[in-house]
Amino acid sequence: MKPLAIAENIYDVGIIDWTTRDFHGYVTPRGVTYNSYLIVDDKICLIDSVKAPFTDEYIQNISEVVNPADIDYVIVNHVEPDHSGALPKLAEVAPNAVFFITQQGKNEAIQHYGDIFNFVTVKEGDVLSLGKRELQFLPLPMLHWPDSMATYLKEDQILFSNDAFGQHYCTSKRFDDGVDEDVLFFEAQKYFANILFPYAKLVEKALQKVDGLPLKMIAPSHGAIWRSHIDKIIAKYSGWGAGEKNDTLLIVYETMWGGTEKVARAMMSGAAKAGIPVKVFRLNSSDNSQIVAELLEAGGVLFGSPTLNYGMMPAMGGLLTYLKGLKPGKKLAAAFGTYGWSGGAQKDMEEFITKAGFEVQPGFNCKWKPQSGETGDAEKFGYEFAMKIKENK
Ligand code: FEO
């Protein structure tokens, strides 16, 4: 897409990658964007770059606004290769450019690309004059890597937030008010859950830095630019960071010959009778990224698997390994399933959900598939679990 002026003499020169469906395991049905911003002032300044395969298109985008050789400054808010892959080429085409980065970022960049950049390290509160405008640096460690920072453009009141406030959402309408609001906020939620969940507690600290800054725009490095829903997305980040939850129950299961699925459905009927929203996902027909997005605001989750080879099914193992790293916080959880001659799945699941930090409740198990009395028991289990979520909200 051609460069877009987002304010006077400020352009989005990034890339819209409509085709990527897998971002290091995060399923991205709406593609991925790598936003990069060019500020043309007395000094020409570029904020962030793009993934390496798009370097030529990116340099072409910049060339439509300025001669890349004239770039004075490059702000490296984050070294993950989706934002830094084009930096080595930039160092070539803009030989006089100075690269501004945190100390941690400098260490990471040298590891990734060698000591090829003319770096100046920056820290909290440092400012950089571009002539008529001034940039202020706001390190946001662990949102998403130790090096991460945001950069605030005072005169235009734009926060270039890098990963924070991003979404994996391609759209030719580059602003939040040009797209479906529900889809946009779901993609922001999915992004937070899959990228920032483990660092949720640091979000509050980050928001304190942003608090009080006049903001006309939040320009992240992924997805749409916020200008009409700034208060709402900040409130969402505040709630997600604080671990706020609703009373939704997720039932996530895999099944072999239908027994565990029968238990899952009975539990859903029971939970629905308690009057809470219930969402059911079979693992082999859902993607983990979406389940994690739903989990961000959910009050609790039931994980179901039959026993296979004395343990849980591989699809459940994949999800729970992912959740063990994401640490989704204090939510109610329990394991359920079926077995033939020997159990094992429930023990496996309970071990993982304990390590993931859930508040683990007693589970439910039955042999082969639920008989009529056991179906009733599973319904009752679902009802009682749902009531605990209501009480725990
Ligand atoms: Fe979009 Fe952590 O990189």
Roughly to the nearest percent, how much of the accessible area of region 249-388 is carbon and sulfur, given a 1.4 Å probe? 55 percent
Segment residue 69-residue 18, extension gain: residue separation times 0.36 nm, minus the distance between their alpha carbons: 15.5 nm
Measure off 7 Å from each Cα along the Cα-to-Cβ vector at residue 371 and residue 27, then give the distance between these two points in nanometres to one decimal. 3.7 nm
Protection proxy (average C-beta count within 10 Å per residue), highest first, orders 237-243, 306-312, 97-103 as 97-103, 306-312, 237-243
Under the rule rounded for a/c under 1.5, else prolate if a/b exceeds b/c, else oblate, using alpha carbon gyration tensor axes a ≥ b ≥ c, region 249-388 is classed as oblate
Going Cα to Cα from residue 154, which aspartates and glutamates come in below 17 Å? Please leave out same-chain ones fewer than 8 positions away. 8, 41, 42, 124, 126, 134, 211
Stretch gain in nm, segment residue 204-residue 242, where the contour uses 0.36 nm per residue and the Cα spacing is subtracted: 12.9 nm
Between residue 172 and residue 112, how high is the FRET efficiency from 1/(1 + (r/R0)^6) when r is the Cβ-Cβ distance and R₀ = 25 Å? Nearest 0.05. 0.20
Over what distance in Å are the Cα centres of region 39-109 and region 168-222 separated? 23 Å
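Taking all protein chains as present, what is the carbon and sulfur share of the accessible area of region 127-247, in % to the nearest whole number, probe 1.4 Å? Present the calculation step by step, with values, prior to reporting the outcome.
Numbers: 2170 of 4440 Å².
Using a 1.4 Å probe with all protein chains present, region 127-247 comes out at 49 percent carbon and sulfur.
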Determine the per residue accessible area of the chain with all protein chains present and a 1.4 angstrom probe, expressed in square angstrom. 41 Å²
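Distance cut-off 18 Å, Cα to Cα: go down the list 209/324; 355/393; 331/380; 245/393 and report the pairs above it. Intermediate values should be presented prior to the final figure.
Values: 209/324 29 Å; 355/393 22 Å; 331/380 20 Å; 245/393 7 Å.
Too far apart for the 18 Å limit: 209/324; 355/393; 331/380.
With a length cut of 20 Å (Cα positions projected on each helix's long axis) and a Kyte-Doolittle mean of at least -0.5, go through the chain and give me the DSSP H helices that pass. Don't skip to the end; give the middle numbers.
Numbers: long enough: 259-273 (22 Å, -0.19); 372-392 (30 Å, -1.00).
Once both thresholds are applied, what remains is 259-273.
Can you give me the relative contact order of the chain as a percent, contacts being Cα pairs under 8 Å and 6 or more apart? Show your work: numbers first, answer last.
Working: 868 pairs, mean separation 47.2, N = 393.
It rounds to 12 percent for the chain.
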Could you sort the peptides 152-160, 124-132, 184-192 by per-residue average Cβ neighbour count (10 Å cutoff), highest mean leading? 184-192, 152-160, 124-132
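The values are calculated or read from the model by the stated rules, or taken from the named source; none is laboratory data. Keep in mind the model is a prediction, meaning the values are calculated, not measured. Cβ coordinates were reconstructed from backbone atoms using ideal geometry, including for glycine residues, and neighbour counts include every protein chain displayed. Accessible surface areas use protein heavy atoms only, side chains included; no ligands, DNA or RNA. Shrake-Rupley method; radii C 1.70, N 1.55, O 1.52, S 1.80 Å.
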